[in-house]
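The structure appears right after this line, and notes come after that.
The values are calculated or read from the model by the stated rules, or taken from the named source; none is laboratory data. The structure presented is a predicted model; accordingly, all values stated were derived computationally and were not measured. Cβ placement follows ideal geometry from the backbone for every residue including glycine, while neighbour counts extend to all protein chains displayed. The area values use the complete protein model at the heavy-atom level, side chains included, leaving out ligands, DNA and RNA. Shrake-Rupley method; radii C 1.70, N 1.55, O 1.52, S 1.80 Å.
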Amino acid sequence: METYALPYDPEIPLICMDEEPIQLLEDSRPSESMKPGQVRREDYEYVRKGNCSVFLFTEPLAG
């Protein structure tokens, strides 16, 4: 945590990285449209379409 308290130095930037794995999903069947007096109906089944990772890089001391 001491690193974040240092003053900003453009010659030595502080770079932070975060990664989040995400599962890619697709509906197995289309949802039913809404009808008067009913809510939209969706099925809970899905088809797995793989996975990916989202990366985020920030330089917090630069603003």
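Take region 32-63 and flag every residue that is in contact (Cβ under 8 Å) with a residue 24 or more places away in the chain and surrounded by 10 or more Cβ atoms within 10 Å (Cβ to Cβ).
Step one: list which residues in region 32-63 are in contact (Cβ under 8 Å) with a residue 24 or more places away in the chain, which gives 48-62.
LYS49, ASN51, CYS52, THR58, GLU59, PRO60, LEU61, ALA62, listed by residue number.
Restricting the search to region 9-26, which residues are in a loop (DSSP other than H, G, I, E, B), surrounded by 10 or more Cβ atoms within 10 Å (Cβ to Cβ) and of a type in the set (A, V, I, L, M, F, W, C)?
Residues of region 9-26 in a loop (DSSP other than H, G, I, E, B): 9-15.
Filter once more, so that each one left must be surrounded by 10 or more Cβ atoms within 10 Å (Cβ to Cβ): 13-15.
Across region 9-26, the qualifying residues are LEU14, ILE15.
Taking LEU6, is it more than 17 Å from the chain's Cα centre (by Cα), of a type in the set (A, V, I, L, M, F, W, C) and surrounded by 10 or more Cβ atoms within 10 Å (Cβ to Cβ)? Reasoning before the result, please.
Working: more than 17 Å from the chain's Cα centre (by Cα): yes; of a type in the set (A, V, I, L, M, F, W, C): yes; surrounded by 10 or more Cβ atoms within 10 Å (Cβ to Cβ): yes.
Criteria met by LEU6.
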In this structure, is ARG29 in a strand (DSSP E or B), open to solvent by 100 Å² or more (accessible area, probe 1.4 Å) and out of contact with any Phe, Trp or Tyr (no Cβ under 8 Å at 6 or more places or on another chain)?
-> no
